[in-house]
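The values are calculated or read from the model by the stated rules, or taken from the named source; none is laboratory data. Given the structure is predicted, the values throughout are model-derived calculations rather than measurements. Note: ideal-geometry Cβ built from the backbone for every residue, glycine included; neighbour counts use all protein chains shown.
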Amino acid sequence: MKKRIAIGSVCHETSTFTPVSSTWDRFYVRGEDIFTTFTGTNTPVGGFIDAGQDFELIPLLSAEAHPAGPLPRELFDPALDELLQALRDAAPIDGVLLYLHGSMVVGSGEDQIDDPEGYILAAVREVIGPETPLLVPLDIHSNISPLMAEMADALVVRETYPEVDMAERGRECVNILRRMLDQGLKPTMAFYPLPLIWGMNQVTAHEPMLSAINYVHEIESRPGVINVSLNMGYFLADVPDMGSSIIVITDNDLQLAEKYAAELAQWVWDRREDWYYDLPTAKEALALAEQAGAFPVILSDMRDNPGGGSPGDSTGILKTFLEANLRDACILYIVDPEAAAICHAAGVGATVSLAVGAKASSLQGEPVHMQAEVIALSEKGEFDYAGPMFAGLHGQMGLSAHIRQGGVHVLLVSVREQPFDMEFARTMQLDPQQMRYIAVKSTAHFRAAYEPWAGAIYMVAEQSVHDFGNLPFHRLGRKLYPFDMTAEL
Ligand SMILES: [Zn+2]
């Protein structure tokens, strides 16, 4: 008889600093619809489905939200109840594969849950008992708690950023589960919270991160080791478990796991200055780009990344592009449903007078006045991702407009989402590969599709709600370098 394995996901990356409110706006699918949504996709659940064909997979619930502020209890509590009820209904089961993002915060004030992933895993554990395997792939930007490590048999963090190994880590969890069921493997986790929060040097294809990931793989190749995770953490959350961490999983050898975790922690700590660097403004980055002469140039507006919960409507780069009178320049994207609606009312070919962006918060800069031509419109902004990230997944940017003032093109959208690839822009008659200057509201995920043809990429710092230097932290659970230079390993 096939082993019965329950699958699902609860996924949210929560900034406690953004004014953007949260709903389950990415997916809320249950039962068979989970197969329809995720089969063949580069997602953790897609990986479960792909590698778990020899199991009887029982789909529970996939509740996923775009990164934003804390998820209200009114949305979280029923979702968890539904997940747990589906799990009870699925009994008897032989294992659970549950994708969690790892940096969720729920509620506010007295109702706040600082560690929803630990809360979810404890609740799932209560239903399935201590013996049933519970395996959890996590984002590389997780704030992992001791409770999470205690409740799961294995926490497996992604190893890439841009995170192109989503399905692969899902498959890895399936394979660990299979070895537990068939060969009596006993995953034993050492959880090592690091006294630091990772800086901007996160891209795993480049140094210094490349060496860090190579080191992770070297430890993984040692006898007795099942998996090693280097988790960079998610710093836009003022919660006690915020920070980077390491997990080493061995086969039933806690001492060995702890030894290797401490070894990797020391290695990271010895190089702690390497994970940080100062960012230029958009104007400074343009000057650097002209000097270097490698085009097309991409500016990453990383402080206004919707993927980190930011509103996606800051105007620093737009203002810089217009003032510089650039030709063949584009901004992907600016979240401004109001401006998109004005374009729709005017129609393709019309010239519109608009105040663009900076509507979510005064910290996002000033709205920029534009006299722009409407080039293309879309009611729902529907498209299919070509990947590598999310390849095969259907996307929606909501009411959208492509406008142009002089040589500067702007894609106005209604859904807060990063440009993971070029497909949406192309449906809006804008081919990023024909541009000389491209601004993306994305920290790194855009690289998966854009880096192969970019001349140069600059991360830039412009005004936003996520202005690193000024974030008010009050509730951190440990000293974190570089916020606190007295932090010690
Ligand atoms: Zn991430």
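The residues in segment 135-162 that are within 16 Å of the ligand (Cβ to nearest atom) and either part of a loop (DSSP other than H, G, I, E, B) or acidic (Asp, Glu) (or both) can be counted, and the count is 11.
Please go through segment 343-367 and pick out each residue that is crowded, with 21+ Cβ neighbours inside 10 Å, among the aliphatic types (A, V, I, L, M) and at pLDDT 95 or above. Passing the criteria: LEU354, VAL356, ALA358.
Taking the conditions (1) more than 14 Å from the ligand (Cβ to nearest atom); (2) touching a helix residue (DSSP H, G or I) at 6+ places or on another chain (Cβ under 9 Å); (3) within 26 Å of GLY477 (Cβ to Cβ) in turn, GLY170 satisfies each one other than (3).
Is it the case that VAL408 is within 24 Å of GLN371 (Cβ to Cβ) and away from the ligand (no atom under 16 Å from the Cβ)? If you could, list the steps in order and put the result at the bottom.
Values: within 24 Å of GLN371 (Cβ to Cβ): yes; away from the ligand (no atom under 16 Å from the Cβ): yes.
Judged against the criteria, VAL408 is a match.
Of all residues in segment 94-118, those that are assigned by TED's automatic domain parsing to the domain that holds PHE48 and at positive phi have Cβ atoms under 6 Å from Cβ atoms of residues that are among the aliphatic types (A, V, I, L, M) and within 15 Å of the ligand (Cβ to nearest atom), 6 or more apart or on another chain, in GLY102/LEU138. Only residues that are over 13 Å from ALA152 (Cβ atoms) and assigned to a helix (DSSP H, G or I) were counted across segment 120-130, and they come to 2.
From the list ALA355, ALA360, the lone residue that is assigned to a loop (DSSP other than H, G, I, E, B) and touching a Pro at 6+ places or on another chain (Cβ under 9 Å) is ALA360. Looking only at segment 69-82, decide whether some residue is within 16 Å of the ligand (Cβ to nearest atom), within 16 Å of the chain's Cα centre (by Cα) and in contact (Cβ under 8 Å) with a residue 60 or more places away in the chain. Scanning segment 69-82 turns up no residue that is within 16 Å of the ligand (Cβ to nearest atom), within 16 Å of the chain's Cα centre (by Cα) and in contact (Cβ under 8 Å) with a residue 60 or more places away in the chain. In segment 466-489, the residues that are free of Cβ contacts under 8 Å to residues at least 12 places away in the same chain reach residues that are assigned to a loop (DSSP other than H, G, I, E, B) and surrounded by 14 or more Cβ atoms within 10 Å (Cβ to Cβ) with C-beta atoms within less than 8 angstrom, at least six apart or across chains, in these pairs: THR486/LYS479.
Contact annotation: residue pairs with Cβ atoms under 9 Å, 6 or more positions apart or on different chains, pairing a residue in segment 128-143 that is free of Cβ contacts under 8 Å to residues at least 60 places away in the same chain with a partner that is of a type in the set (Gly, Ala, Ser) and within 16 Å of the ligand (Cβ to nearest atom), are VAL136/GLY102.
In segment 41-56, what count of residues is obtained for those that are surrounded by fewer than 20 Cβ atoms within 10 Å (Cβ to Cβ) and in contact with a Leu (Cβ under 9 Å, 6 or more places away or on another chain)?
Counting residues in segment 41-56 that are surrounded by fewer than 20 Cβ atoms within 10 Å (Cβ to Cβ) and in contact with a Leu (Cβ under 9 Å, 6 or more places away or on another chain) gives 0.
Check MET459, MET397, MET422 and return the single one that is under 19 Å from the mean Cα position of the chain (by Cα) and either among the aromatic types (Phe, Trp, Tyr) or within 16 Å of the ligand (Cβ to nearest atom) (or both).
Details: MET397 fails: either among the aromatic types (Phe, Trp, Tyr) or within 16 Å of the ligand (Cβ to nearest atom) (or both); MET422 fails: either among the aromatic types (Phe, Trp, Tyr) or within 16 Å of the ligand (Cβ to nearest atom) (or both).
Checking each option against the conditions leaves just MET459.
List the residue pairs whose Cβ atoms are under 8 Å apart, where the first residue sits in segment 209-225 and is farther than 20 Å from TRP275 by Cα, the second is part of a loop (DSSP other than H, G, I, E, B), and the two are 6 or more positions apart or on different chains. Pairs that qualify, where the first residue is farther than 20 Å from TRP275 by Cα and the partner is part of a loop (DSSP other than H, G, I, E, B), are GLY224/ASP253.
For segment 176-195, indicate whether the set of residues that are within 16 Å of the ligand (Cβ to nearest atom), in contact (Cβ under 8 Å) with a residue 60 or more places away in the chain, over 17 Å from GLY477 (Cα atoms) and of a type outside the set (Lys, Arg) is non-empty. Full working, then the answer.
Of segment 176-195, the ones within 16 Å of the ligand (Cβ to nearest atom) are none.
Scanning segment 176-195 turns up no residue that is within 16 Å of the ligand (Cβ to nearest atom), in contact (Cβ under 8 Å) with a residue 60 or more places away in the chain, over 17 Å from GLY477 (Cα atoms) and of a type outside the set (Lys, Arg).
Close Cβ contacts (under 8 Å, 6 or more residues apart or on different chains) running from residues in segment 434-450 that are outside the structural domain of THR204 (by TED's automatic domain parsing) and part of a loop (DSSP other than H, G, I, E, B) to residues that are β-branched (Val, Ile, Thr) and surrounded by fewer than 23 Cβ atoms within 10 Å (Cβ to Cβ) comprise ALA444/VAL203.
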